[in-house]
Structure formats: C-alpha cells, structure tokens
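All of the numbers you see were taken from the coordinates with simple rules; none came from a lab. What you see is a predicted model; the values in this text were computed from it and never measured. In this analysis, Cβ positions are derived from the backbone assuming ideal geometry, glycine residues included, and neighbour counts consider all displayed protein chains.
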Amino acid sequence: MSKAAYLKMTTRELGEKVKRAVAMLEDCTVCAQACRVNRLKGELGICRGGRRAVVSSYGPHFGEEAPLVGARGSGTIFFAFCNLKCRFCQNCEISQHGEGEVVSTSDLAEMMLELQQGGCHNINLVSPSHFVPQILEALLVASALGLRVPLVYNTGGYDAPETLEILDGVVDIYMPDIKFGDDDAGRKYAGAAGYFTVAKKAVKLMHGQVGDLVVDGKGIAVRGLLVRHLVLPGDLSGTEKVVRFLAEDISKNTFLNIMAQYYPAHEAFEYPELNRRITGGEYREAVKIAERYDLSRVYR
C-alpha cells in the first residue's frame with residue numbers, strides 16, 4: 001500500500017489549506033467558472049453545489065484504467081453536479097440532475113476510510129472540481145483517523161489555478177479529461193468559456209506538481225499525470241491539437257487514454273453533429289495521431 005503525498009504535511013499545514021479553500025466559497029472561485037456566488041450562505045452557481053458536498057455513490061471500481069484498478073479496485077467517490085454542462089454527458093442523472101445525497105464532513109471522511117479498509121488502492125475523487133473545499137475538510141479528518149492511500153483527482157479539466165495550487169502536496173494522481181482542443185467547442189458543447197485555454201494551463205500545473213505517471217512493482221499507479229481524451233464524432237474533440245499540446249508542452253511520456261465509448265446521450269440529440277456514435281476509422285485515426293507525435297504511453 002503506497003503512502004500518500006498529504007501524509008508529508010503536518011496537520012497544521014493541511015488545516016491551512018482547508019481554510020484557504022473554504023474561504024473561496026464566500027465569493028466562489030473554486031473552479032474556472034468563477035461564479036462568485038456566496039455558497040456559504042446557500043447561493044448556487046453554475047455547478048449548483050452548495051456548502052456541503054453531494055455524493056451520488058461510492059465503492060470499489062474495476063472499470064478504470066489498469067494502473068488505478070490493480071487487483072482490489074479504485075476507491076471511487078462519485079460527486080453529484082458538475083462545473084461543466086456537456087451536452088452529451090453520459091452520466092447526466094448525476095452531473096446535471098444532481099442525483100445523490102448531501103453528506104457531512106464526517107460522512108465523506110468515513111467513505112474514504114471505508115474504501116481504504118476494503119483494500120482499494122486509492123481514493124478516486126470523480127468530478128471533484130466544485131467540491132474541493134469539502135474534500136479537503138474530509139481529508140483532514142480522515143488522515144487523522146488513519147487514511148494512507150493516494151488521492152486521485154478525476155476531473156473534467158476545467159480547474160482554477162488557485163485551487164490547483166492549494167492541492168499541491170495533497171493530490172498524488174491527477175486524471176484530467178481534455179475534452180476539446182478548441183475554445184469555441186468547449187463553450188458550445190460544455191458551457192465552458194475558454195475551455196482548452198483553461199485546461200492547458202491546468203494540466204501544466206498538474207504535471208508540474210506530480211510529473212509523469214509512476215507505477216510500483218505491481219503496476220499500480222502511485223503518483224503522476226494520467227490524461228483522458230474522448231473521441232467525438234467528426235473530430236469535434238480536436239484530437240490533434242490535444243495530442244500536440246501533450247507531446248510538445250507536457251511530455252511524450254504522458255499516459256494518455258484515448259477513449260472510444262462515445263454515444264449520443266443527454267442533449268446530444270439536439271445537435272446533428274453529435275447525434276451518432278464514432279466510427280472505427282475515427283478512433284483509429286485518433287490513435288494514429290498520438291503515434292505520429294511519438295506519445296509512448298497510449299492506453300486503449
């Protein structure tokens with residue numbers, strides 16, 4: 001069992017990060033949407049997350065990438081709501097409709113500890129961008145009670161630099177999506193102004209903190225960056241721009257999962273260009289692009 005980065009901090013140091021993050025809720029800039037609502041007083045912004053975290057489900061997950069799953073699973077906590085409004089979201093009941101339960105700090109801490117006790121290799125925080133302060137509050141409690149496994153920050157990529165700076169020394173494994181290689185596409189299909197510009201800055205900060213993905217002798221991820229990219233119909237995802245950014249600005253050793261599981265969901269039926277599955281040829285071309293840019297760790 002690998003020890004986590006947050007164990008290198010004192011309780012006081014982690015507590016200071018908690019205070020900084022919670023203070024951001026008063027004029028909310030926790031994510032890149034920067035809605036500036038007062039979540040401490042119950043005001044809701046684009047994500048519709050309030051003062052407390054909302055969790056849809058949690059448990060060991062065996063459908064993630066192999067370095068996260070290992071033999072005992074990735075300990076996923078699925079947060080409800082989202083700071084993105086992807087028109088094609090395949091988990092819209094959770095992300096857009098908020099299916100889940102409001103949880104206290106102690107509830108969330110207990111989930112983390114239960115996943116560790118069940119043997120999970122890590123705590124995988126799914127869609128965490130809008131609930132970072134609440135996660136840190138729970139981590140402070142859970143680490144004092146014996147939490148030791150690495151944290152995975154499993155994000156849509158629309159993260160604020162100040163929040164990522166707070167997470168420096170806390171997160172072991174960053175796993176961002178880079179959904180679009182174009183700002184206009186991000187605005188149109190995910191309600192995220194300047195999406196690619198924001199995501200590039202975020203991924204640079206993430207990589208600067210944790211470096212390329214490192215696995216232990218059993219192939220289990222212990223630290224580093226893992227990027228996901230979902231291929232969209234008609235290359236609406238801008239795969240070549242995403243791959244070029246990773247190869248030239250991050251590292252040719254970036255662990256990149258090129259995903260083929262797109263299907264029309266949520267509001268995709270309202271967009272003719274999104275209203276079909278991708279073809280085998282489109283997926284193969286995305287993989288070839290990664291190979292042309294000499295990315296050495298393409299997961300598929």
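Only Cα pairs under 8 Å and at least 6 apart count here; give the relative contact order of the stretch 112-204 as a rounded whole percent. Worked out over the stretch 112-204, it gives 26 percent. Only one residue of 59, 38, 75 has its Cα farthest out toward the positive end of the dipole of the stretch 33-78, where Lys and Arg carry +1 and Asp and Glu -1 on Cβ, and that residue is 38. 3J(HN,Hα) couplings calculated from phi for the stretch 63-73 with the Karplus curve 6.51 cos²θ - 1.76 cosθ + 1.60 (θ = phi - 60°) are, in sequence order, x, 7, 4, 3, x, 8, 7, x, 8, 10, x Hz; Gly and Pro show x. Using the Karplus relation 6.51 cos²θ - 1.76 cosθ + 1.60 with θ = phi - 60°, the per-residue 3J(HN,Hα) values for the stretch 232-240 come to 10, x, x, 6, 5, 7, x, 4, 5 Hz, with x marking Gly and Pro. Of the residues 197, 215, 155, the one whose Cα sits farthest towards the positive end of the charge dipole of the stretch 5-299 is 215 (charges of +1 on Lys and Arg Cβ, -1 on Asp and Glu Cβ, taken about the Cα centre). A cut-off of 5 Å between modelled amide H atoms, ignoring neighbours fewer than 5 places along the same chain, links residue 255 with 213, 227.
Over all other residues within a Cβ to Cβ distance under 14 Å of residue 45, the charged ones net out to +3, with Lys and Arg as +1 and Asp and Glu as -1.
When +1 charges are put on Lys and Arg Cβ atoms and -1 charges on Asp and Glu Cβ atoms, the dipole computed for the stretch 145-300 relative to its Cα centre reaches about 440 debye. Each residue of the stretch 9-18 was assigned a 3J(HN,Hα) from its phi angle through the Karplus expression (A = 6.51, B = -1.76, C = 1.60, θ = phi - 60°), giving 8, 6, 4, 5, 4, 5, x, 5, 5, 4 Hz with x at Gly and Pro. Estimated from helices alone, the mean residue ellipticity of the chain at 222 nm is -9500 deg cm²/dmol (sum of -39500 (n - 2.57) over DSSP H runs with n ≥ 4, per residue). Centre-to-centre separation between the Cα atoms of the stretch 111-129 and those of the stretch 44-92: 11 Å. The H on the amide N of residue 194, modeled in the peptide plane, is under 5 Å from the matching H of 187, each at least 5 residues off or on a different chain.
For residue 152, the shell of other residues with beta-carbons less than 9 Å away shows a net charge of -2, using +1 for Lys and Arg and -1 for Asp and Glu. For the chain, the dipole from Cβ point charges (+1 on Lys and Arg, -1 on Asp and Glu) about the Cα centre works out to 280 debye, to the nearest 20.
Here the extension length gained between residue 97 and residue 40 equals 18.4 nm, from 0.36 nm per residue of separation less the Cα-Cα distance. Can you give the net charge of the other residues whose Cβ lies under 14 Å from the Cβ of residue 161, counting K and R as +1 and D and E as -1? Residues close to residue 161 contribute a combined charge of 0.
Distance between the modelled labels on residue 184 and residue 271, one decimal in nanometres: 1.3 nm (7 Å Cα→Cβ projection).
Taking every C-alpha pair closer than 8 Å and separated by at least 6 residues, the mean separation divided by the residue count of the chain gives a relative contact order of 17 percent.
Ordering 132, 232, 264 by the projection of their Cα atoms onto the charge dipole of the chain, which places +1 on the Cβ of Lys and Arg and -1 on the Cβ of Asp and Glu, puts 132 at the extreme positive end. For residue 56, the residues whose modelled amide H falls within less than 5 Å of its own, excluding neighbours fewer than 5 places apart on the same chain, are 78, 79, 80, 101.
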